[in-house]
Amino acid sequence: ATLFAAVEMAPRDPILGLNEQFNADPNPNKVNLGVGVYYDDNGKLPLLKCVAAAEKQMLEAPKARGYLPIDGIAAYDRAVQTLVFGADSAAVKDGRIATVQGIGGTGGLKIGADFLKKLNPNAQVLISDPSWENHRALFESAGFTVGTYAYYDAAKRGINFDGLLTSLNAAAAGTVVVLHACCHNPTGYDLSAEQWKQVVELLKARSLVPFLDMAYQGFGEGIAEDGAVIGLFLASGLDFFVSTSFSKSFSLYGERVGALSVVAQSKDDADRVLSQLKRVIRTNYSNPPTHGAQVVATVLTTPELRQLWEQELAEMRVRIKQMRGQLVEKLRSAGVKQDMSFVTTQKGMFSYSGLSKEQMQRLRSEFGVYGVDSGRICVAALNSKNIDYVTACIAKVC
Ligand code: PMP
C-alpha cells in the first residue's frame, strides 16, 4: 500500500459545493445567496475608496518588505485596540490587553484556541446552536471537545434565551464560551442589551471564559453600537478574548486581516499572555503578512480616510437594511401570508429565512436561487436587480 492509501477523503465544504453548483447552473436568472460576502447593488464585490486611497499612499512611498514583528504591525495592533475597546478604556490605558495581528478573523480565533488549549487542556468549548460552521472544526482541531449552547428558536423566530441560560448554567467552570459579538452568523439574531447583561453576569458567576468573535462590527447598527457589548465585558472585570475580522468591514477578504485581543486584569498578566501568543504564532507561521494590516492601520489612523471608511461601511449597512425591508415588503405584496417581518429584526449579512430544506432545494433546482439548506440566505447578495426575482421565487415555494 502507498503511504497515502489510508487517507480518507475529507467532507466537502458545503458552501463551496453550493458555489460550484451555482457556477455550473445555466439559468440566466440565477442568484447566489449562499455566499458570505457583501456585494454592492451591482452584484459586485466592492473595493472601498478608503482602501484604494490608502494603497495609493503606500505605492507613492514604497517600502521594502522586511519581516514584521511576531505580533504584527504595532500601529495596527494599537488601532485595533482603539477601535474594539475605545481609546479611553482603562484596559487599553493600563496595558491590560494583549493584541496580536492575525491571519483574518479565523487566524485570530485559532491563535486564541491554541493558547487556551495549552492554558487549560481539559476545558470544554461551547459554541452557539447553530454557529458559523468553522467554529466547531477550528476548536476541535486545536484539540478541544466542542459542545453547543441553545441559541436559535425556530418556532419563535428568535433566540431561545431560557435555553441559553440553562446551557451556560450547566457548564463546568473554565468552559470556553464562543459568543458572536454582533450580527450572529448564521441566524441574524443578536441578544438584546438586557440579555447580554444577564449573560455576562452568568459567565462571571460560573467562572466561564468568554471568547467573543467579532467578524461584522459595523454591519448591524453601527461601529459603536455593535461594539457596545465589549464595554459590558470590560466593565465586568472578566478575563476575555476577542477575535476581530476586517474581511467584511473593509471588503478585504483575500488580504486576511484580523486580530486577537486578550483582556487581562493586570498589565503583568497581559505581558505574559502576549509572550505565549507570540509563541503560538512563531510555531505556526512565524509572523504575519504586511499589506492588508498596513492598509487597515493607515485607514484607521488617518482622519480623512477613517471618515471615508465609516461612510462606506454605513453605506453597506444601510443597503443591507434596505434589502431586508424590501424583502419583507415584496413577499407581502407577492401574497405570502406568513409574517416575514422577523427579517428586519435580524442583523448583519445573514438571515435565517425560516424556509425548510425542501423549499431551499426547490429554490435551487426550479429557480436557480441558491441558499443554504438550513434556510440561511445572504441578504448582502440581494440587490435592486435581483430582489423581485428572488421574492417571486420564494413566494412560489411558500
Ligand atoms: N467568524 C464568523 C462568525 C464569520 O462569519 C467569519 C467569516 N465569515 C469569520 C469568523 C472569519 O473571518 P475571516 O474571513 O476574517 O477569517
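Quick one: how many residues across the range 74-110 are more than 15 Å from the ligand (Cβ to nearest atom) and part of a strand (DSSP E or B)?
Counting residues in the range 74-110 that are more than 15 Å from the ligand (Cβ to nearest atom) and part of a strand (DSSP E or B) gives 3.
Among the residues in the range 194-211, are any of a type in the set (Gly, Ala, Ser) and in contact with a strand residue (DSSP E or B) (Cβ under 9 Å, 6 or more places away or on another chain)?
Going residue by residue through the range 194-211, those that are of a type in the set (Gly, Ala, Ser) are 205, 207.
Then drop every residue that is not in contact with a strand residue (DSSP E or B) (Cβ under 9 Å, 6 or more places away or on another chain), which leaves none.
There is no residue in the range 194-211 that is of a type in the set (Gly, Ala, Ser) and in contact with a strand residue (DSSP E or B) (Cβ under 9 Å, 6 or more places away or on another chain).
So in the range 28-64, with the set limited to residues that are without any contact (Cβ under 8 Å) to a residue 24 or more places away in the chain and part of a helix (DSSP H, G or I), which one is nearest to the chain's Cα centre (by Cα)?
So the first thing to find is which residues in the range 28-64 are without any contact (Cβ under 8 Å) to a residue 24 or more places away in the chain, and the list is 28, 44, 52, 56, 59-64.
Among the residues that remain, those that are also part of a helix (DSSP H, G or I) are: 52, 56, 59-60.
Details: Ala52: 23, Lys56: 28, Leu59: 30, Glu60: 33 Å.
Of everything passing the filter in the range 28-64, Ala52 is nearest to the chain's Cα centre (by Cα).
When you scan the range 211-227, how many residues do you find that are away from the ligand (no atom under 15 Å from the Cβ) and either at negative phi or without any contact (Cβ under 8 Å) to a residue 24 or more places away in the chain (or both)? Outline the logic, then answer.
Pass one, the range 211-227, residues away from the ligand (no atom under 15 Å from the Cβ): 221-225, 227.
Now restrict to residues that are either at negative phi or without any contact (Cβ under 8 Å) to a residue 24 or more places away in the chain (or both): 221, 223-225, 227.
The total comes to 5.
Being of a type in the set (Val, Ile, Thr) and under 24 Å from Met214 (Cβ atoms) is the filter here; which residues of the range 322-358 pass it?
At the first step, the residues of the range 322-358 found to be of a type in the set (Val, Ile, Thr) are 328, 336, 343-345.
Result: Val343, Thr344, Thr345.
Considering only residues of the range 228-259 that are surrounded by fewer than 24 Cβ atoms within 10 Å (Cβ to Cβ), closer than 27 Å to Ala54 by Cβ and polar (S, T, N, Q), which is nearest to the ligand (Cβ to nearest atom)?
Only one residue tops the list, namely Ser247.
Would you mind stating whether Val299 is part of a helix (DSSP H, G or I), among the β-branched types (Val, Ile, Thr), modelled with pLDDT of 95 or more and closer than 18 Å to Phe246 by Cβ?
On the way: part of a helix (DSSP H, G or I): yes; among the β-branched types (Val, Ile, Thr): yes; modelled with pLDDT of 95 or more: yes; closer than 18 Å to Phe246 by Cβ: yes.
Criteria met by Val299.
Surrounded by 18 or more Cβ atoms within 10 Å (Cβ to Cβ), away from the ligand (no atom under 16 Å from the Cβ) and in contact (Cβ under 8 Å) with a residue 40 or more places away in the chain - does that describe any residue in the range 146-155?
no
For Asn134, are the conditions met, namely being over 22 Å from Gly227 (Cβ atoms), within 14 Å of the ligand (Cβ to nearest atom) and either modelled with pLDDT of 95 or more or out of contact with any Gly (no Cβ under 6 Å at 6 or more places or on another chain) (or both)? First the steps, then the outcome.
Working: over 22 Å from Gly227 (Cβ atoms): yes; within 14 Å of the ligand (Cβ to nearest atom): yes; either modelled with pLDDT of 95 or more or out of contact with any Gly (no Cβ under 6 Å at 6 or more places or on another chain) (or both): yes.
For Asn134, the condition - over 22 Å from Gly227 (Cβ atoms), within 14 Å of the ligand (Cβ to nearest atom) and either modelled with pLDDT of 95 or more or out of contact with any Gly (no Cβ under 6 Å at 6 or more places or on another chain) (or both) - is met.
Testing Tyr389 on (1) outside any helix (DSSP H, G or I); (2) surrounded by fewer than 20 Cβ atoms within 10 Å (Cβ to Cβ), one condition comes back false. Which one is that?
All conditions are met except number (1).
Which of (1) surrounded by 15 or more Cβ atoms within 10 Å (Cβ to Cβ); (2) assigned to a loop (DSSP other than H, G, I, E, B) is the odd one out, the single condition Met316 does not satisfy?
With respect to (1) surrounded by 15 or more Cβ atoms within 10 Å (Cβ to Cβ); (2) assigned to a loop (DSSP other than H, G, I, E, B), Met316 is out only on (2).
What's the total number of residues in the range 111-129 that are surrounded by 24 or more Cβ atoms within 10 Å (Cβ to Cβ) and either assigned to a helix (DSSP H, G or I) or at pLDDT below 95 (or both)?
Here the count works out to 3.
In this structure, is Ser266 modelled with pLDDT of 95 or more, away from the ligand (no atom under 16 Å from the Cβ) and among the small types (Gly, Ala, Ser)? Even if it seems obvious, please write down each step before you answer.
Details: modelled with pLDDT of 95 or more: yes; away from the ligand (no atom under 16 Å from the Cβ): yes; among the small types (Gly, Ala, Ser): yes.
Here the answer is yes, as Ser266 does meet what is asked.
The values are calculated or read from the model by the stated rules, or taken from the named source; none is laboratory data. Treat the numbers as computed from the prediction; the structure is a model and nothing was measured. Quick reminder, even Gly has a Cβ in these numbers, built from the backbone with ideal geometry, and neighbours come from all protein chains shown.
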